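See below for the structure under consideration.
Read-outs throughout are calculated quantities, based only on the coordinates presented, and are distinct from any laboratory measurement. Keep in mind it's a predicted model, so treat the numbers as computed, not measured. When we count neighbours, we look across all protein chains shown, and the Cβ atoms used for this are built from the backbone with ideal geometry, even at glycine.
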Amino acid sequence: MLEIDGLDVHYGGVHALRGLSLTVAEGEIVALLGNNGAGKTTTLAAVSGLVRPSGGRVVFDGREVTREKPHRITARGLVHVPEGRRIFSTLTVHENLQLGGYLLRDRAETRGRIDRVYELLPRLAERRAQQGGTLSGGEQQMLAIGRALVTGPRLLLLDEPSMGLAPLVVASIMELIAGINAEGTSVLLVEQNATAALKIAHRGYVIENGACVLDGPAAELRQDARVVEAYLGGV
Ligand code: ATP
């Protein structure tokens with residue numbers, strides 16, 4: 001479904017991605033792990049068109065999308081939930097969800113999708129008139145993911161959804177992601193919390209200095225001595 005092939009990204013003199021390659025198959029959750037500055041956020045930004053690669057290709061559903069405009073990529077069903085949640089804090093929960101439908105011409109379809117998000121996330125339904133900025137961190141993350149769902153993704157790019165959340169809240173966000181995946185949406189999941197990510201992922205990649213250094217089924221990565229030492233706190 002997604003193929004990243006030999007991707008290079010430069011920020012001025014910083015060579016952030018160095019020939020990075022990875023794939024996500026239909027129906028998979030793929031975890032992208034790595035330390036601060038390894039290039040995880042840059043990978044998602046290059047796939048969703050927010051950053052222009054200097055080399056390599058991104059192919060989605062058999063069609064090259066490298067250098068396509070971000071809104072065109074979103075319209076194809078490849079939807080990015082960036083780091084830091086980026087919800088609109090002065091808009092209500094409901095208004096934030098409505099913005100997820102900005103690419104849809106059909107208002108009834110937007111309403112139907114918002115209703116499905118409320119069914120999936122009753123906490124958001126209860127808070128539909130509340131300002132986004134007054135939600136808890138976990139609720140804001142749910143709203144960011146809910147807004148992406150209104151767009152109708154076939155592949156979700158999630159950037160550190162667990163960031164800054166308490167362990168129980170992390171567990172419920174991971175459960176949400178697994179549930180969305182079980183209904184047919186593929187997921188590329190960037191996480192510093194390798195333990196949480198490898199619990200729900202099918203496969204994973206470890207990146208260092210802008211390139212993949214290790215990949216495999218999540219169950220194998222959980223046992224891999226290098227992963228355990230570097231990313232699972234040596235447990
Ligand atoms: P983190 O987990 O800390 O978010 P990351 O793995 O997502 O890290 P990136 O944010 O992709 O890493 O950064 C990769 C490299 O590119 C880093 O060296 C970073 O300093 C650099 N970088 C990222 N964005 C920019 C930018 N806009 N301008 C210059 N350098 C950048």
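How many angstrom separate the Cα center of the range 169-235 from the Cα center of the range 58-114?
Between the Cα centres of the range 169-235 and the range 58-114 lies a distance of 24 Å.
May I ask you to derive the relative contact order of the chain, considering only C-alpha pairs under 8 Å and at least 6 residues apart, and to give it as an integer percent?
27 percent.
If amide hydrogens are placed 1.01 Å from N in the peptide plane, which non-local residues have theirs closer than 5 Å to the one on GLY56?
ASP8
Which whole-number percent gives the relative contact order of the range 1-103, counting Cα pairs below 8 Å spaced six or more residues apart?
That works out to 26 percent.
What is the diffusion coefficient of the range 70-195 in µm²/s, taking the Kirkwood radius over Cα pairs and the Stokes-Einstein relation at 37 °C with a viscosity of 0.692 mPa s?
227
Are there any chymotrypsin sites (Phe, Trp or Tyr not before Pro) in the range 60-154 that are in a DSSP loop and have at most 16 other Cβ atoms within 10 Å? List them by number.
PHE88, TYR102
Determine the dipole magnitude for the range 62-195: charges of +1 sit on the beta-carbon of Lys and Arg, -1 on that of Asp and Glu, nothing else is charged, the reference point is the Cα centre, and the result goes in debye to the nearest 20.
Using only the charged Cβ atoms, the result is roughly 540 debye.
Roughly how many nanometres apart are two label points built 7 Å out from the Cα toward the Cβ at GLU95 and HIS71?
2.0
Kindly list the residues of the range 69-103 that lie in the label zone of GLN130, defined by a backbone N under 13 Å from the point 7 Å along the Cα-to-C-beta vector.
92-94
For THR92, what residues show an amide H to amide H distance below 5 Å, using hydrogens built from the backbone and excluding near sequence neighbours?
HN-HN under 5 Å from THR92: GLY132.
With a ≥ b ≥ c taken as the square roots of the eigenvalues of the C-alpha gyration tensor of the range 1-75, please select rounded if a/c is under 1.5 and otherwise prolate if a/b is larger than b/c or oblate if it is not?
It comes out oblate by the Cα gyration axes.
Compute, for the chain, the length of the dipole vector about the Cα centre, with Cβ point charges of +1 (Lys, Arg) and -1 (Asp, Glu) only. Units Debye, rounded to 20.
With only Lys, Arg, Asp and Glu charged at Cβ, the dipole is about 700 debye.
So what are the ³J(HN,Hα) numbers for the range 209-216, from phi and the Karplus equation (6.51, -1.76, 1.60; θ = phi - 60°), rounded to whole Hz, Gly and Pro as x?
Each residue's phi maps through the Karplus curve to give 6, x, 9, 6, 10, 7, 8, x Hz.
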